[in-house]
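Structure, as structure tokens:
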Amino acid sequence: MKLPWTSFILVGVIFFAGCTTPSSTPRPPPTTETPQQIGNTTDPSPLPMASLVGSPVHSESLPVGADSYTFSGPPTRTSYPNSWTILRNTGYESAYDETFKNPAWVAYHLSGPVGTTAPRSSGYPTDPRSTAGVTATDYPPGYDHGHMAPNEAIAVFFSDAAQAETFLMTNMVPQKPGLNRGPWKALETLEYSKWEQEFHDVWVIDGPVYTTTDGQPINPTNRYGTKQVCIPVACFKIIWAKDAAGKLQSLAFIMPQDPGTGHMPKEYLTSIREVERRTGLDFNSSWTAAKQDALEKTVATNVWP
């Protein structure tokens with residue numbers, strides 16, 4: 001059924017604490033967690049008790065093991081210029097950049113029996129936890145509201161209310177229709193309809209790319225409107241899974257805003273290391289250098305069957 005916006009308002013400052021317990025019913029409520037403060041970041045005014053979801057967690061890197069949405073811990077910054085605020089939702093978390101008005105990255109973990117999807121939401125609500133207050137009308141003409149955490153996948157592994165949370169503007173990045181409805185959509189579908197069924201656990205981190213070459217300063221010049229929403233030149237996606245023998249596999253993609261008609265995800269395969277160079281983010285930072293190199297320098301020759 002189609003849920004009105006008010007129907008998925010959650011109570012209090014609760015966070016989702018785990019995504020790995022298979023269930024055909026909505027996940028249990030997340031545990032309460034005290035917001036963290038890192039460096040000079042200060043917490044905003046508390047949200048009212050009838051707020052949408054949990055309070056912000058101000059952090060550039062949550063401790064390894066404290067994050068249930070990522071395979072090897074949240075990304076850390078290398079040359080990415082801004083801090084972010086972790087906004088935790090039932091089925092995903094968004095590392096929201098209030099300066100660029102986009103998530104720096106979004107992470108989600110798919111596991112468990114597949115359910116059914118609810119009808120799409122009819123709008124893109126402003127997230128009351130964000131100080132930027134980006135609205136659906138702050139995007140330029142000719143761009144879609146591109147989901148980072150996909151609404152269908154979150155619906156089938158969590159709940160209708162969790163699906164509705166994916167329509168928050170803090171989960172969106174401006175994407176051209178050719179990207180959003182083309183190879184990006186193809187990958188989203190494979191994640192939940194095929195790969196989770198094969199591997200049983202699929203971890204994903206994705207987000208915007210603002211640079212066209214390695215080493216280019218991350219200072220997007222394409223900004224739109226009074227809110228100065230930054231328009232990326234591409235989007236990245238990294239997917240982790242383990243095969244039946246327990247061997248870790250990964251796929252990494254950088255997809256341009258204008259992929260052209262008929263292009264498939266395989267054409268945009270790259271290495272995790274290239275994603276790091278283009279985004280200023282560091283993935284798998286808790287691993288040894290040798291372990292990172294073994295996985296991150298590899299470019300897959302094809303997407304998983």
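Readers should treat all values here as calculations from the given coordinates under stated rules, not as data from a laboratory. Treat the numbers as computed from the prediction; the structure is a model and nothing was measured.
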In Hz, Karplus ³J(HN,Hα) per residue of region 261-270 (6.51, -1.76, 1.60; θ = phi - 60°; x = Gly, Pro) = 6, x, 7, 10, x, 3, 5, 10, 4, 8
ask   = Can you list the aspartates and glutamates whose alpha carbon sits under 20 Å from that of K194, skipping same-chain ones fewer than 8 residues off?
value = E152, D206, D243, E267
task = Could you run the Karplus curve 6.51 cos²θ - 1.76 cosθ + 1.60 with θ = phi - 60° over region 76-91 and give me ³J(HN,Hα) per residue in whole Hz, x for Gly and Pro?
result = 10, 8, 10, 10, 5, x, 10, 7, 9, 10, 6, 10, 8, 10, 4, x
ask   = Does region 74-148 come out rounded, prolate or oblate by the C-alpha gyration tensor, with a ≥ b ≥ c the root eigenvalues, rounded set by a/c under 1.5 and, if not, prolate when a/b is larger than b/c and oblate if not?
value = oblate
note = Taking placed amide H atoms and a strict 5 Å upper bound, the residues 5 or more places from D144 or on another chain that come that close are Q175, K176
request  = Using θ = phi - 60° and the Karplus relation 6.51 cos²θ - 1.76 cosθ + 1.60, list the HN-Hα couplings for region 193-204 in order, rounded to whole Hz, with x at every Gly or Pro.
outcome  = 8, 10, 5, 5, 5, 7, 9, 6, 9, 10, 10, 9
message = Can you classify region 248-296 as rounded, prolate or oblate using the Cα gyration tensor, where a ≥ b ≥ c are the square roots of its eigenvalues, rounded means a/c under 1.5, and otherwise it's prolate if a/b beats b/c and oblate if not?
response = prolate
